[in-house]
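The values are calculated or read from the model by the stated rules, or taken from the named source; none is laboratory data. Since this is a predicted model, take the numbers as computed values, not measurements. Here the Cβ positions follow ideal geometry from the backbone for every residue, glycine too, while neighbour counts run over all protein chains shown.
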Amino acid sequence: MASKQPGRSRISIPNLLDHINDALRVIRRDRAGLFVDFDGTISRLAPAPEEAVISSRAAASLRRLAAGLSLVCVISGRAAGDLRDKAGLDHVLYVGNHGAEQIEDGRLRVVPGLEEYPQKIGRVLDGLKDRVDIPGLSWENKGYSAAVHFRGAREPDLARGALQAALNDVEIASELQVFWGKMILEIRPPTGLHKGYALRNLVRERGLNGAIFIGDDVTDLDALVAMKEMRDQGGVRGLGVAVVDEDTPVALVSAADYALRGVSEVEDFLERLEA
């Protein structure tokens, strides 16, 4: 069972709004794609996942950008159907469960080979519920992954410790992967599926030669790393952008080319892109 615990640090990379021409050089290529995370990027973080709402400014910009770019993709750990319902944007590709699912033009596609994992993930989530009785926790079974949100707990650090201890007691948890993000525990299949995997595949499948990825948490790190690797290998002009606050993981900042401070600056950036 793999476990990741992010460190924190001060922001040390330039703000993208001060280097907008770098983004324009990417997005004006003939086959350009824009990839954005949902929670903490185009939706402000909420105490519970069902309370999250897409920014109206971001939604308006993405809707117009989708009409002109080769691809606009909202990519998240949420289930693809939930992501589509939350964003409500047409002509946008929704990638859910960290790359396990895609919805485009109303059609759902699931990566093959995941059939055994929804049951295992459900058993682990049930085992955690039986062992951790702390008010304020939000339990989310997404089929091909699961999440426990502890932002709403009175003492989040205590909740995190209780969840970690419970994981050690749930035997089947060792057959899955565990990730810690901003006040969230995520449980996924040990298949190597992540946002970086999805990003690489989409760039290749769509023949993109320009791409921008924007995300705010540990689960976005794989996509930022993949973006750098694709750029270094040639053929794709790409930018990785970290949405930062006081809780931003050190690794995320290190992997990004530029920063945007919070959802409000993401809104500003998207509006400048469409202009």
Problem set entry | Evaluation of Ala46 against (1) aliphatic (A, V, I, L, M); (2) at pLDDT 95 or above; (3) over 20 Å from Leu71 (Cα atoms) (one fails), failing number | (2)
Problem set entry | Every residue from the range 238-257 that is more than 13 Å from Gly40 (Cβ to Cβ), surrounded by 21 or more Cβ atoms within 10 Å (Cβ to Cβ) and in contact (Cβ under 8 Å) with a residue 60 or more places away in the chain | Gly238, Leu239, Ala256, Asp257
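Just one of Val225, Val218, Val203 is touching a Gly at 6+ places or on another chain (Cβ under 9 Å) and modelled with pLDDT under 95; which is it?
Val218
Would you confirm, using the coordinates I've provided, whether Leu69 is closer than 22 Å to Glu246 by Cα and either part of a loop (DSSP other than H, G, I, E, B) or of a type in the set (Gly, Ala, Ser) (or both)?
Values: closer than 22 Å to Glu246 by Cα: no; either part of a loop (DSSP other than H, G, I, E, B) or of a type in the set (Gly, Ala, Ser) (or both): yes.
Spelling it out, it is not the case that Leu69 is closer than 22 Å to Glu246 by Cα and either part of a loop (DSSP other than H, G, I, E, B) or of a type in the set (Gly, Ala, Ser) (or both).
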For this session: For the range 125-162, name all the residues that are assigned to a helix (DSSP H, G or I) and within 22 Å of the chain's Cα centre (by Cα).
Result: Leu125, Pro156, Arg160
For this session: Any chance you could count how many residues in the range 196-227 are more than 14 Å from Gly99 (Cα to Cα) and under 17 Å from the mean Cα position of the chain (by Cα)?
Result: 11
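Would you point out which residue out of Arg84, Arg78 is in contact (Cβ under 8 Å) with a residue 60 or more places away in the chain and of a type in the set (D, E, K, R)? Give the steps one after another, and end with the answer.
Details: Arg84 fails: in contact (Cβ under 8 Å) with a residue 60 or more places away in the chain.
On inspection, the qualifying residue turns out to be Arg78.
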Exercise. Which condition breaks for Ala165 when tested against (1) of a type in the set (Gly, Ala, Ser); (2) at pLDDT below 95; (3) in a helix (DSSP H, G or I)?
Worked result: (2)
